[in-house]
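What follows is a short report on a single structure.
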Amino acid sequence: SLHYQPRLNARTRKVQGAEALLRWKNPLLGQVPPGEFIHVAEESGLIKPIGAWVLREACRNWMALEAQGVCKGLELSVNLSVAQLADPELVDELIAVLRDTRMPPAQLELELTESHLMDNPVAAQQKVAALKALGVKVAIDDFGTGYSSLAYLKRFDIDKLKVDQSFVLGMLEDSADAAIVHAVIALGHTLGLKVVAEGVENLPTAQTLTALGCDELQGYCFSRPIPLAEWVSYLRSHALRKDRRRPPL
């Protein structure tokens, strides 16, 4: 099944969109963490059909909510696996999903991990360009944990960097983590990219990231990943809090 975790504008705290995240509830094992089943799906070759289902189902759900006026204009983020990125049929599959679900390309953001891009940077650069030609957005997820070359980074036609949560979680206690987060935000802005912080678990971290100029925030401070029905309730309750005071910096 799919759960959704909201991303908020760091300054206004308005919802910008959400990331669709895969969850698995097994009849015998109960709720299985993604860390335990994703790598098995990758090793078994199941990740391609699973990833294709996630992309289509997320877009289908999003447009159903759009029709209800619930998430009009908000961005949907979907992760692509390394197998999907390497698949020569990916672009055609994406065209079919956009056509069949009527998902506006400008509202769809595809997340690629830094390590996946660096596996074959030349091929990845070409694939990213083909995806961007369809009008979708592209973000680099888990930035700072891979071995990216800045020479290649500037060539990728991307829109966002997502700071890995391992740095965000420790930034208030660890000066090295704080320095890395600050550097990624500065690097992203210098390259003309938006920067999203993942793993924002408390208000002091959110306030510090806002002061550093981070563009968007995502984490348990605002919401855990939630099922579709709860996501709808979250959006409706968020819309009702129009008189909410802006959190202090």
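General observations
- Output for region 12-43, where each listed residue is polar (S, T, N, Q) and open to solvent by less than 70 Å² (accessible area, probe 1.4 Å): Thr12, Gln16, Asn26
- Scanning region 1-11 for residues that are open to solvent by less than 10 Å² (accessible area, probe 1.4 Å) and not charged (D, E, K, R) yields Tyr4, Pro6, Leu8, Ala10.
- Here Leu85 does not fit the description of being within 24 Å of Pro6 (Cα to Cα) and either crowded, with 16+ Cβ neighbours inside 10 Å or among the small types (Gly, Ala, Ser) (or both).
Each row is one residue, and each column tells you yes or no for (1) at positive phi; (2) free of Cβ contacts under 8 Å to residues at least 60 places away in the same chain; (3) not charged (D, E, K, R).
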| site | (1), (2), (3) |
| --- | --- |
| Arg102 | yes, yes, no |
| Leu108 | no, yes, yes |
| Val128 | no, yes, yes |
| Leu153 | no, yes, yes |
| Asp159 | no, yes, no |
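- Looking across region 71-104, the residues that are over 16 Å from Asn120 (Cβ atoms) and of a type in the set (Asp, Glu) come down to Glu75, Glu89, Asp92, Glu93, Asp100.
- All of (1) touching a helix residue (DSSP H, G or I) at 6+ places or on another chain (Cβ under 8 Å); (2) at pLDDT 95 or above hold for Ile158 with one exception: (2).
- When Gly51 is tested against the conditions (1) buried (at least 19 other Cβ atoms within 10 Å of the Cβ); (2) under 24 Å from Ala229 (Cα atoms); (3) at pLDDT 95 or above, the lone failure is (3).
- Given (1) in contact (Cβ under 8 Å) with a residue 24 or more places away in the chain; (2) open to solvent by 20 Å² or more (accessible area, probe 1.4 Å); (3) under 19 Å from the mean Cα position of the chain (by Cα), number of the condition Leu94 does not satisfy: (2)
The values are calculated or read from the model by the stated rules, or taken from the named source; none is laboratory data. Keep in mind the model is a prediction, meaning the values are calculated, not measured. Cβ: placed from backbone, ideal geometry, glycine included. Neighbour counts: every protein chain shown. We work out accessible area using only protein heavy atoms, side chains counted, and drop any ligands, DNA or RNA first. Shrake-Rupley method; radii C 1.70, N 1.55, O 1.52, S 1.80 Å.
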